Protein chains: 2
Amino acid sequence: MSKGITSKNEDYSQWYNDIVMKADLAEHSSVKGCMVIKPYGYSIWEKIQAVLDKKFKDTGHSNAYFPLFIPKSYFSKEASHVEGFATECAVVTHYRLKNDGNGNIIVDETAKLEEELIVRPTSETIIWNTYRGWIQSYRDLPLLINQWANVVRWEMRTRLFLRTTEFLWQEGHTAHATAQEAVEETEKMLDVYADFAETWMAMPVVKGVKTPNERFAGALDTYCIEALMQDGKALQAGTSHFLGQNFAKAFDVKFTNKEGKIEHVWASSWGVSTRLMGALIMAHSDDAGLVLPPKLAPIQVVIVPIHKNEEDLKNISSFVDELTAKLKSLGVSVKYDDREAQRPGFKFAEYELKGVPIRLAIGGRDMENGTVELARRDTREKQTVAQEGLDIFIVQLLDEIQANIYNKALQFRDEHTTEANSYDELKELLDGKAGFVSAHWDGTPETEQKIKEETKATIRCIPLNNKQEDGVCIYSGKPSKQRVLFARAY
Amino acid sequence: MSKGITSKNEDYSQWYNDIVMKADLAEHSSVKGCMVIKPYGYSIWEKIQAVLDKKFKDTGHSNAYFPLFIPKSYFSKEASHVEGFATECAVVTHYRLKNDGNGNIIVDETAKLEEELIVRPTSETIIWNTYRGWIQSYRDLPLLINQWANVVRWEMRTRLFLRTTEFLWQEGHTAHATAQEAVEETEKMLDVYADFAETWMAMPVVKGVKTPNERFAGALDTYCIEALMQDGKALQAGTSHFLGQNFAKAFDVKFTNKEGKIEHVWASSWGVSTRLMGALIMAHSDDAGLVLPPKLAPIQVVIVPIHKNEEDLKNISSFVDELTAKLKSLGVSVKYDDREAQRPGFKFAEYELKGVPIRLAIGGRDMENGTVELARRDTREKQTVAQEGLDIFIVQLLDEIQANIYNKALQFRDEHTTEANSYDELKELLDGKAGFVSAHWDGTPETEQKIKEETKATIRCIPLNNKQEDGVCIYSGKPSKQRVLFARAY
């Protein structure tokens, strides 16, 4: 099959789109800004969901479901929240259509809502309005809840997975008796996200804190994990917010503490979305297509028979059945592609495009020799491997591939994290697609804003456990105690 | 704890609401018609989802995700579909809010959509519009796709789980090369639903076909499973539709068949929703609270220590740890409730309310005797059971409880399915809450409509494999070849 993937060195953005489309991950829908997640793409999202959901439950959280619609007035209750979210959103104003008598379907103007409903862009407001009824005493705390849902933020310029009007995500919303507990929760969930990104997605991340400019609307502190893509741009892969008592005050959620005093509740919220799919694609893939870390690959091993006749195929299939059973019992997902209508070369290209970590090709000669031909997707190397002990070999190789993909991404990030000691140096590095640039900043929103306007780079984060170092701000020359990470970002 | 549940004989509807609220399953949200599914309720829905999802995958289906919004014009493309779904729906007309300068958040009239978007009430239109790009040849068929999603149908009168403006569901949408294959799929998925209802929900169902009046808007045939609730009303628990070529024609989805001829594609769609939660509650519960079939209970066994001192508690806990490990390895979910703040009696009432199938109470005397006190939720019987071999005893008992709950519901349904041979008899039976009434009908929509207006009963279905029997319509006296099932319904 002709893959028709643009080279990433030629046009990274087109390369990304080609991979998403040709690997059957997603496509633009006819509804502006909304995507269709295709079965193969969705099966990767399901793996992401399953792993995260287990991690949330293992850390004591339960899932629940809150309404899609939020009354307009709720957004006004938390002052900074409304600026951040209520501007670009889908507004429901009517609840009925009718036939105008000429066969046209029109909005029924007699069915106008008294108060408009907003399709949730995030659920803090509706959830905290609900928590008021659930929390009375310290005994009701902590309340540790997560929701898997669709959300809508109206976007003018969209990119599949990275920025779409509707997207899928999870949003954790927790309530605590003390500020300290809420901060601990915020940090714990950041660790959960970081571990997921590194261990499962094979994608190294920097854990950090956002500057006030980049905070979530309504948060006292926003923690994030930042990853580096192959084009030197950063991608925020997950955020965890310490909300203080802002939403509790806005929605009047109080509790009686152990001493019998009434206080407002402390809050956190945290989320990751289908944007992770974009990160996963960009972190590892190449000009031959998607490269998936084995732990998130819906198909880990594909087997293609190369037979001259029915007899060959029968022998091969019988060996494959046995191997498949062994691999499945070891938790490996296997696909045997014995379609007759396609040639082996077509299949090879297809699974390469789809990022299947290991491909086995087995012919009549292999059966005589007791071997298989094994191709790794990550290195694109082929080797001949004995059929004897193949199942164990594959399990170990999957681990090796997972580690290799991670190490490659880590090496890339290390090579693309540079210190800049002057503003010119920063600009030069950014223009050279140098990735993360570590530089001194005077800590003011004004300087940050100027740098953003002039270079299109933002402060991705102040890394946690940052080294303290005396220096001067590259922009203002004012004193600074630590470096922060700049980058252009998705 | 005081349960405060209305007796179901006194007020069935209030009893239902009490159970939903007090067992912490769901509550009304502040958004009219929308519910909040609480963690305990959602954990039951998650079990339902997991089982169904596996069944869908085992029958060859993949999950995907399509947009929440559907352009208004799409509904006009399938003539009967628009009448059925586009009337009561949430209409998005704008995509921005703004501050009016006086601190009020108002709709930005400059951000009006050219074409209104409808929040999906069901996704045939958007999905078939997408399938046009996915299907060219018979090689692309069958296309077997399912979506887990939220949908919105504007409802004036709502009841938690049973009828809400927003609800959660799955919708399967399949495409086939022939009518026969599409019908086979429709019937196969009905069997999947029936098996789920009976084997997992312990709820007997009648499989049948809807009359034309009750068909899904746009279907050639609607198959359904109908269950009987304890108040003698029927509940449609799932539907599977043979859509013919209606949507393929409306959205111009054609394929080249094996003979090289171009044809329209054949379709099915099928769905179940959070309504199943309502059915599950009403099928089995009693005045003490929820009764859950073990296979869908988030907690299958709860253990309550009854200790006089720390020494007692230590012994009991050590035994419980061991038992819990054994039960978990056998796939049984166990909760050990050693909260100090609540008394055993309070805990007993709470787990009874929440429908936990088996409750163990263990005191110091039990530890001396090597016994536990075991209470079954379904029969509310207590017995003393030996600690030796308790894990195996419990596994067997869970099966027995599952079977008992099913048999009880089956017996109820059998006792509440009656033949009527005159219209008076039908009316009398309906008023006496007799459940399903099997009667002859002349096959005309007019008669069906008259009976519905006069008795509030509908034809629930024409049972599959119905016995052929000569008779006369109870309403018109015209000849009839078979009986159909009448009932008042949710």
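No value in this document is a laboratory result; all are computed from the given coordinates. Here the structure is a predicted model, which is why all the values come from computation and not from measurement. Note: ideal-geometry Cβ built from the backbone for every residue, glycine included; neighbour counts use all protein chains shown.
Converting phi to 3J(HN,Hα) with the Karplus coefficients 6.51, -1.76 and 1.60 and the offset θ = phi - 60°, segment B:405-410 yields 5, 5, 5, 4, 5, 5 Hz in sequence order, with x at every glycine or proline. At a Förster distance of 41 Å, what's the computed FRET efficiency of residue B:57 paired with residue B:346, Cβ-Cβ distance as r, to 0.05? Efficiency computed from Cβ-Cβ geometry: 0.45.
Distance from the C-alpha centroid of segment A:147-207 to that of segment A:273-325: 29 Å, rounded to the whole angstrom. For residue B:80, the label point sits 7 Å beyond Cα toward Cβ; its separations from the matching points on the remaining copies run 5.6 nm, from shortest to longest.
Applied to segment A:284-292, the Karplus parametrisation 6.51 cos²θ - 1.76 cosθ + 1.60 on θ = phi - 60° returns per-residue 3J(HN,Hα) values of 10, 6, 9, 5, 8, x, 5, 10, 9 Hz, with x for Gly and Pro.
The residue list B:125, B:372, B:228 was ranked by how far each Cα lies along the charge dipole of chain B toward its positive end, using unit charges on Cβ atoms, and B:125 comes out on top. Considering every alpha-carbon pair of chain B, the percent of pairs per 20 Å bin, from zero through the bin containing the longest distance, is 20, 47, 27, 5, 0.
Between copies, the label points of residue A:11, set 7 Å from Cα on the Cα→Cβ line, lie 6.8 nm apart, reported in increasing order to one decimal in nanometres. Amide H to amide H distances under 5 Å link residue B:63 with B:146, where only residues 5 or more positions off or on other chains count and H is placed in the peptide plane.
For segment A:294-412, the gyration tensor built on C-alpha atoms gives a prolate shape. Its axis ratio a/c (a ≥ b ≥ c) is at least 1.5, and a/b is the larger of a/b and b/c. A simple spin-label model places the labels of residue B:14 and residue B:338 4.2 nm from each other, with each point 7 Å out along Cα-to-Cβ. Positive contributions from Lys and Arg (+1) and negative ones from Asp and Glu (-1), summed over other residues with Cβ under 12 Å from the Cβ of residue B:364, come out at -2.
Note down the Stokes-Einstein diffusion coefficient of segment A:164-233 in µm²/s, whole number, using a Kirkwood radius over alpha carbon pairs, 10 °C, and 1.306 mPa s.
Working: Rh = 13.9 Å.
This corresponds to a translational diffusion coefficient of 114 µm²/s.
With +1 on the Cβ of every Lys and Arg and -1 on the Cβ of every Asp and Glu, and nothing else charged, how large is the dipole of segment A:161-249 about its Cα centre, in debye rounded to the nearest 20?
Taking the Cα centre of segment A:161-249 as origin, the dipole is about 280 debye.
Overall, the protein assembly as shown carries a charge dipole of about 700 debye about its Cα centre when +1 sits on the Cβ of Lys and Arg and -1 on the Cβ of Asp and Glu, all other atoms neutral.
Per-residue mean of foreign Cβ neighbours for A:25-37 is 5 (Cβ atoms of other chains, 10 Å radius). Rounded to the nearest 0.05, what FRET efficiency is calculated for residue A:188 and residue B:115 with R0 set to 41 Å and r the Cβ-Cβ distance? Step by step, r from the Cβ atoms, then E = 0.35. Peptide B:65-77 has a mean shielding of 6, counted as Cβ atoms of other protein chains within 10 Å of each residue's Cβ. Calculated FRET efficiency, residue A:156 to residue B:308, Cβ-Cβ distance, R0 = 56 Å: about 0.20 to the nearest 0.05. Modelled label positions at residue B:421 and residue B:388, each set 7 Å beyond Cα in the direction of Cβ, lie 6.2 nm from each other. Against the longest alpha carbon principal axis of chain B, how many degrees, from 0 to 90 and to the nearest 10, is the axis of helix B:179-195 turned? Orientation of helix B:179-195: about 20 degrees from the principal axis.
Across segment B:417-487 the C-alpha pair distances fall into 5 Å bins from zero in the proportions 4, 19, 32, 28, 14, 3 percent. Database remark: amide H of residue A:473 closer than 5 angstrom to the amide H of A:478, A:480 (H placed geometrically; neighbours at sequence offset of 5 or more, or on other chains; Pro and chain starts carry no H). Positive end of the dipole of chain A (Cβ unit charges, origin at the Cα centre): among A:189, A:476, A:329, the Cα lying farthest that way belongs to A:189.
Work through the residues other than residue A:89 whose Cβ is under 9 Å from its Cβ and net out their charges, Lys, Arg +1 and Asp, Glu -1.
So the surrounding residues net to +2.
Amide hydrogen proximity for residue A:203: with H placed 1.01 Å from N in the peptide plane, the residues at 5 or more positions away or on another chain lying under 5 Å are A:198.
Tell me the angle of helix B:445-455 to the major Cα principal axis of chain B, expressed in degrees between 0 and 90 and rounded to the nearest ten. Tilt of helix B:445-455: around 40 degrees.
Placing unit charges on each Cβ (+1 for Lys and Arg, -1 for Asp and Glu) gives segment B:417-487 a dipole about its Cα centre, and among B:462, B:441, B:486 the Cα reaching farthest toward its positive end belongs to B:462.
Normalised by residue count, segment A:222-365 yields a Cα convex hull volume of 174 Å³ per residue. The charge dipole of segment A:328-379, taken about its Cα centre with unit charges on the Cβ atoms of Lys, Arg (+1), Asp and Glu (-1) only, comes to about 180 debye. For chain A, the longest principal axis of the Cα atoms and the long axis of helix A:12-22 meet at an angle of about 60 degrees. With an a/c value under 1.5 for the gyration tensor axes a ≥ b ≥ c computed over the alpha-carbon atoms, the protein assembly as shown is described as rounded.
A crude spin-label estimate for the pair residue B:80 and residue B:254, with each label 7 Å from Cα along the Cβ direction, gives 2.5 nm. Give me the net charge of residue A:486's neighbourhood, meaning all other residues with Cβ under 15 Å from the Cβ of residue A:486; Lys, Arg count +1, Asp, Glu -1. Net local charge, residue A:486 excluded: 0. Averaging the sequence gap over all C-alpha pairs within less than 8 Å and six or more residues apart, then dividing by the number of residues, gives chain B a relative contact order of 14 percent.
Could you tell me whether segment A:357-467 comes out rounded, prolate or oblate from its Cα gyration tensor? Rule is a ≥ b ≥ c as square roots of the eigenvalues, rounded for a/c under 1.5, then prolate if a/b exceeds b/c, otherwise oblate.
Cα axes put segment A:357-467 in the prolate bin.
Protection proxy ranking for A:477-486, A:388-397, B:123-132, using the average of other Cβ atoms within 10 Å per residue and placing the highest first: B:123-132, A:477-486, A:388-397.
Shielding of peptide B:151-161 by partners, expressed as the average count of other chain Cβ atoms within 10 Å per residue Cβ, is 1. Counting from the shortest, the label point at residue B:50, 7 Å from Cα toward Cβ, is 1.2 nm from the same position in each remaining copy. Beyond 23 Å between alpha-carbons counts as too far, so tell me which of B:210/B:478; A:249/A:452; B:354/B:408; A:55/B:328; A:22/A:335 fall in that bin. Pairs exceeding 23 Å: A:249/A:452.
Judged by the mean number of other Cβ atoms found within 10 Å, the most tightly packed of the peptides B:455-466, B:63-74 leads the ranking B:63-74, B:455-466.
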